[in-house]
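The next block holds one structure in the form of structure tokens; read it before the comments.
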Amino acid sequence: MPSNERLMIGQFWFANNPDLVVPGRLDLTGERPRVELHGALSSSVREVSSGVPGISQFVNAPPPKPQTLYGEVLGIARRVTVIDAYQVHKTGDVLSMWSDGSSGGLQQQILEGEYAILGVHAQDADVPFSALHFRLCFQDAWAQLSGLSMAINPDPHNRTVAMNYAMPEPIVVPLPGGDGHLTLEAASAISPLRVAGAYILTRTYLKVELDEGVTVRAAWARFVLSASALLTLLHDKACKPTEFEVQDVASGKWYRVHMPGLVSDPSDVRSPKIDEPALLTRSELGLERFAAWFDLAHRLAPLPYVVADAVQATGRAVESLLLELAAAAEGIHRRLYPGSRRLTEQETSEALEALKELDLNPAAKEVLRSAMGTYLWDVSFPQRLRQLSEDVSSAMPGVTGKPGKWKSAVCDARNGFAHFLVSMESDEAKILGYAALHKSLRWLLTGRILLELGVPGELLAQRLAEFRRYNHFLMNAKESLPNIYG
């Protein structure tokens with residue numbers, strides 16, 4: 001968002017009280033929209049009966065409940081809606097604090113909201129929109145839609161370079177549920193000719209059009225965050241949202257949304273980092289699988305987000321990260337193999353009947369009966385790990401090293417952390433070993449999720465063999481856990 005659209009002066013009022021208008025400033029430089037009012041839209045004190053006729057008593061009033069805040073600002077957007085605006089600070093002299101308007105002395109009230117919609121006065125958070133438009137970090141490297149081609153004349157006496165640009169055509173696929181379409185489209189920025197040269201910059205955007213309307217929060221969770229998780233897994237680095245817009249059902253106009261979670265776009269025409277290829281580019285993954293991802297992410301939620309969050313987890317103990325991904329591995333197995341059992345219901349019932357005939361202490365018999373009826377028929381954690389490891393063995397050769405030793409190491413670490421069987425004061429070698437196990441789980445779960453999305457195992461194996469970040473993991477794992485990966 002341009003800097004001149006991040007700080008805008010204007011006037012503001014609550015949607016349910018349009019007669020009380022206060023000047024202020026809209027601040028979009030932080031995560032949440034912030035409105036600094038030069039006055040107040042609510043009073044800090046309220047009058048109560050003192051019990052004595054003719055004498056009033058004033059007490060502190062509770063902060064107003066979160067509500068929709070409207071504004072008109074100097075800027076391109078003009079209108080603005082702040083959803084669920086709540087008071088974070090209010091100050092003023094004693095007399096002015098009794099006032100709920102812009103008169104009665106100096107006051108300042110600061111409000112923050114869950115998110116802001118620029119360009120419209122929306123009624124509330126439940127207003128539906130017909131489409132959404134968004135962009136993610138490093139999306140262009142995945143999309144591979146530059147529109148540029150170049151021809152270099154090999155004649156050393158005629159050194160000419162011909163560059164050609166054609167705006168890429170939008171790519172449209174239906175959503176699997178048949179309730180809308182996903183479009184990958186491009187927009188270009190062309191610089192003027194200068195002495196130093198010129199550039200053509202193509203940025204791609206994802207657009208989702210829905211037959212039924214969708215609220216801002218639902219659109220953000222179902223499409224934007226899930227797309228961010230998928231690109232994060234494919235790039236092995238955080239691909240957070242950078243832009244987000246929604247389209248009005250009636251007018252077809254697009255409105256920008258300022259949402260917690262949006263970051264500044266790191267794209268830079270001078271930086272080679274934006275060209276680093278993803279594990280699977282758009283042509284390899286296919287936009288159809290990208291569209292199918294939204295349903296898969298919903299079916300497996302929140303587990304794909306846990307795996308994606310582990311990609312660049314910093315500032316947290318590796319032990320907690322390993323424990324978290326071990327729990328995610330169990331959860332993903334349960335989602336992918338619902339109803340898996342070691343004993344059938346019939347076998348469990350027969351075992352419980354046989355237990356009744358045993359000559360045991362009643363208390364011990366009750367413990368066994370409870371365990372057999374509740375847990376012992378279930379697939380164990382080591383069995384779940386072995387199944388996941390076997391699932392990806394051909395598509396991800398080497399991800400678990402020696403599978404038996406890897407499974408034992410993960411189980412020992414998980415049980416040790418969960419049941420306080422190991423000391424948290426680990427030496428450096430153990431910490432490096434835990435880090436390698438954590439990354440192995442992350443790669444394994446990433447691969448298993450991609451296979452579930454329909455990515456061919458042969459393609460995944462080929463791309464992993466060429467993917468620098470995966471090979472870097474294998475190299476570090478050999479050094480940290482030579483008994484497993486050596």
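Per-structure values
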{"quantity": "Region 284-313 - residue that is in a loop (DSSP other than H, G, I, E, B) and under 18 Å from the mean Cα position of the chain (by Cα) and, of those, modelled with the lowest pLDDT", "calculated": "Ala313"}
{"quantity": "Hey, Arg316 at pLDDT 75 or above, open to solvent by 20 Å² or more (accessible area, probe 1.4 Å) and closer than 22 Å to Glu390 by Cα or not", "calculated": "no"}
{"quantity": "Evaluation of Ile83 against (1) among the β-branched types (Val, Ile, Thr); (2) open to solvent by less than 60 Å² (accessible area, probe 1.4 Å); (3) at pLDDT below 95; (4) touching a helix residue (DSSP H, G or I) at 6+ places or on another chain (Cβ under 9 Å) (one fails), failing number", "calculated": "(3)"}
{"quantity": "Positions within region 162-215 being among the basic types (Lys, Arg) and surrounded by 12 or more Cβ atoms within 10 Å (Cβ to Cβ), in sequence order", "calculated": "Arg203, Lys207"}
{"quantity": "Complete set of residues in region 451-486 that are open to solvent by 60 Å² or more (accessible area, probe 1.4 Å) and of a type in the set (Gly, Ala, Ser)", "calculated": "Ala465, Gly486"}
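Conditions tested, residue by residue: (1) at pLDDT 95 or above; (2) open to solvent by 20 Å² or more (accessible area, probe 1.4 Å); (3) more than 29 Å from Arg34 (Cα to Cα); (4) hydroxyl-bearing (Ser, Thr, Tyr).
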{"site": "Arg217", "(1), (2), (3), (4)": "yes, yes, no, no"}
{"site": "Ala221", "(1), (2), (3), (4)": "yes, yes, no, no"}
{"site": "Ala227", "(1), (2), (3), (4)": "yes, no, no, no"}
{"site": "Asp265", "(1), (2), (3), (4)": "no, yes, no, no"}
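Conditions tested, residue by residue: (1) in contact with a Cys (Cβ under 9 Å, 6 or more places away or on another chain); (2) more than 17 Å from Asp236 (Cβ to Cβ); (3) in a helix (DSSP H, G or I); (4) free of Cβ contacts under 8 Å to residues at least 60 places away in the same chain.
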| position | (1), (2), (3), (4) |
| --- | --- |
| His438 | no, no, yes, no |
| Leu441 | no, no, yes, no |
| Gly447 | no, no, yes, yes |
| Val455 | no, no, no, no |
| Leu460 | no, no, yes, no |
| Arg463 | no, no, yes, no |
| Tyr470 | no, no, yes, no |
| Phe473 | no, no, yes, yes |
| Asn476 | no, no, yes, yes |
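The values are calculated or read from the model by the stated rules, or taken from the named source; none is laboratory data. Note that the structure is a prediction, hence the values are computed from the model and not measured. When we count neighbours, we look across all protein chains shown, and the Cβ atoms used for this are built from the backbone with ideal geometry, even at glycine. Surface accessibility is based on the protein's heavy atoms, side chains included, excluding ligands, DNA and RNA. Shrake-Rupley method; radii C 1.70, N 1.55, O 1.52, S 1.80 Å.
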